[in-house]
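These notes are about the structure you will find just below.
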Amino acid sequence: MFKSKAMKQLEADLAAKQKEAAAINAKADATEDEINKARQDVKNLKNKISMQKELDEGKTFDESGEEVIDRTPVNHPLPAEPNTHKGPFNSFSEQVLAIMKASVKGGTVDPRLSKVVNASGTNETVPSEGGFLVQTDYSNEILKMIYDTGILPKLCREIPLSANSNGIKINGIDETSRADGYRHGGVQGYWVEEAGTVTASKPKWRKIELELKKLMAVYYATDELLSDSTALENELRSAFSDELAFKLDDAIFQGDGSGKPLGIIKAPCLVEQAKESGQAADTVVHENISNMWNRMPARIRANAVWLINQEIEPQLDNMALSMGTAGMLSPYATEYMLKGTLKGRPVLPIEQASALGDKGDIVLAAMNHYLLATKGGVKMDSSMHLKFLEDEMAFRVIFRADGEPDIAAAITPYKATSNRTVSSFVTLAARS
């Protein structure tokens, strides 16, 4: 029986590597690192031969090593049940297996993979991206898991982009003060007598540009996992959704805007509430909560949430209210322990919050004032590709998004007794 070209080459490489390893082993001055590397090289080639043997199984080759393909037409039976999915593959694992076979050197490409690309209606050349577009319903399932797993994306004001767009420009209101003549960037109202006149006014706008950034995750699968398509499907769904959700939460919270979204902690509109005089390090006190709440405009508080580092929870449980020389449990502590809220708004622990005592360990955020642009490669909210990296069993997934707060700076209230500013995003200054 003739062997494939790939198998012949691997066996020749193995023979050469074994000869080289024997020579190294025979050297009197050979180091342990040299010997171990030679042994590992031999082992790697043997593993590749074992894998190639599985790929060649059931195939016939001629003397030159070329595959002999039977061109006799075959009538494939119809499936017992109709395909209810929005594409040629009946399951995600079925498509993953097809991608695996197509991505291995010398492997065959399932024609259904091309049908998925054609069905997307996009001009994007998928192979140049390094992979194959995932069938619409399966990519959307993973996207849904990202939003279910993540905490912040589902709270943002989402702006879905079309398949042919990589960004969006929005006219945002340039409002920095609530004083007359400054609201909504310059609109002013008047009470006028009949036939009276007013001074013309018009709003001042600022341009918000959201250019999609690429978020990529790579998963390296073991041989054992690759042999079980059901387990592989479940693991890929879970691993990719968890990692992309984490990175998206992280960018929305503290992204620097360079190659990623601009997070609320790095945004110019963030208000930093000072700590109390004499406040101990690494603490959160009753007055901190009252003052942070007071720095958010009353008209937007109904949609606010408290984002905290989990380390803060004991601080919230034990907040005290000073009463002369005595003290009592703060009503905020009671509310938090009974309802998990502060000032009636949910408290959400997130991994991305800063460590206890640092700026960003507790944030009051009106997340509906955060703009999140996303793009789907198939006119939905997900664009992802899967591919084997060269000589590695690896999978890659790509998600595109960008975001930033909808206001550029903190706002001066209409009437205030000091130079106090307010914002949709408020954090507590460091206590160290």
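The values are calculated or read from the model by the stated rules, or taken from the named source; none is laboratory data. Computed from a predicted structure; not experimentally measured. Heads up, the Cβs are rebuilt from the backbone with ideal geometry, glycines too, and the neighbour counts pull from every protein chain shown.
One residue stands out in the range 260-274 among those that are more than 21 Å from Arg345 (Cβ to Cβ) and either more than 13 Å from the chain's Cα centre (by Cα) or of a type in the set (Phe, Trp, Tyr) (or both): the one that is surrounded by the most Cβ atoms within 10 Å (Cβ to Cβ), namely Leu262. Of all residue pairs spaced 6 or more apart or on separate chains, none has beta-carbon atoms under 7 Å together with a first member in the range 29-57 that is on the phi > 0 side of the Ramachandran plot and a second member that is assigned to a helix (DSSP H, G or I). Tell me yes or no: at least one residue of the range 381-397 is modelled with pLDDT of 85 or more and in the same structural domain as Gln135 (by TED's automatic domain parsing). Within the range 381-397, none of the residues are modelled with pLDDT of 85 or more and in the same structural domain as Gln135 (by TED's automatic domain parsing). Quick check on Val284: is it farther than 19 Å from Leu155 by Cβ and surrounded by 20 or more Cβ atoms within 10 Å (Cβ to Cβ)? Yes. Every condition in (1) part of a loop (DSSP other than H, G, I, E, B); (2) touching an Asp or Glu at 6+ places or on another chain (Cβ under 9 Å) holds for Ala28 except the one numbered (2). Take Gly257 and tell me if it is of a type in the set (Gly, Ala, Ser), surrounded by 14 or more Cβ atoms within 10 Å (Cβ to Cβ) and touching a Gly at 6+ places or on another chain (Cβ under 7 Å). Considered against the rule, which asks whether it is of a type in the set (Gly, Ala, Ser), surrounded by 14 or more Cβ atoms within 10 Å (Cβ to Cβ) and touching a Gly at 6+ places or on another chain (Cβ under 7 Å), Gly257 comes out as no. Please indicate, with yes or no, whether at least one residue in the range 401-419 is among the aromatic types (Phe, Trp, Tyr) and either at pLDDT 85 or above or surrounded by 16 or more Cβ atoms within 10 Å (Cβ to Cβ) (or both). No - not one qualifying residue is present in the range 401-419. Within the range 238-278, the set of residues being touching a residue at least 24 places away in the same chain (Cβ under 8 Å), within 18 Å of Met367 (Cβ to Cβ) and of a type in the set (Lys, Arg) comprises Lys247, Lys260.
Just so you know, in the range 394-425 the residues that are in contact (Cβ under 8 Å) with a residue 60 or more places away in the chain and small (Gly, Ala, Ser) include one that is nearest to Asn368 (Cα to Cα), and it is Ser424. Restricting the search to the range 237-274, which residues are touching a helix residue (DSSP H, G or I) at 6+ places or on another chain (Cβ under 7 Å) and either modelled with pLDDT under 85 or among the polar types (S, T, N, Q) (or both)? Of everything in the range 237-274, those that are touching a helix residue (DSSP H, G or I) at 6+ places or on another chain (Cβ under 7 Å) and either modelled with pLDDT under 85 or among the polar types (S, T, N, Q) (or both) turn out to be Arg237, Phe240, Ser241, Gln273.
Which one is surrounded by the most Cβ atoms within 10 Å (Cβ to Cβ) among residues in the range 18-45 that are within 30 Å of Lys59 (Cβ to Cβ) and under 43 Å from the mean Cα position of the chain (by Cα)? Give the derivation first.
In the first step, residues of the range 18-45 are kept if they are within 30 Å of Lys59 (Cβ to Cβ); the result is 18-19, 40-45.
Still in the running and under 43 Å from the mean Cα position of the chain (by Cα): 40-45.
Values: Gln40: 11, Asp41: 16, Val42: 16, Lys43: 11, Asn44: 13, Leu45: 18.
Here the answer is Leu45.
Under 6 Å between Cβ atoms, at least 6 apart or on separate chains: pull out the pairs that start in the range 146-161 with a residue that is buried (at least 16 other Cβ atoms within 10 Å of the Cβ) and end on any residue that is modelled with pLDDT under 80. Taking only residues 6 or more apart or on different chains, the pairs are Pro153/Tyr147; Leu161/Lys375.
Only one of these is in a loop (DSSP other than H, G, I, E, B), farther than 25 Å from Lys214 by Cβ and charged (D, E, K, R): Glu276, Glu313, Glu287. Name it. Write out each step before concluding.
Values: Glu313 fails: in a loop (DSSP other than H, G, I, E, B); Glu287 fails: in a loop (DSSP other than H, G, I, E, B).
Glu276 is the lone residue from the list that is in a loop (DSSP other than H, G, I, E, B), farther than 25 Å from Lys214 by Cβ and charged (D, E, K, R).
If you check Ala320, Ala281 for being within 20 Å of Arg431 (Cα to Cα), without any contact (Cβ under 8 Å) to a residue 40 or more places away in the chain and hydrophobic (A, V, I, L, M, F, W, C), only one passes: Ala320. Only one entry in Ser93, Ser64, Ser114 is modelled with pLDDT of 70 or more, more than 30 Å from Asn25 (Cα to Cα), among the hydroxyl-bearing types (Ser, Thr, Tyr) and crowded, with 16+ Cβ neighbours inside 10 Å, namely Ser93. Taking the criterion of being surrounded by fewer than 23 Cβ atoms within 10 Å (Cβ to Cβ) and in a strand (DSSP E or B), the only residue of the range 356-372 that qualifies is Leu371.
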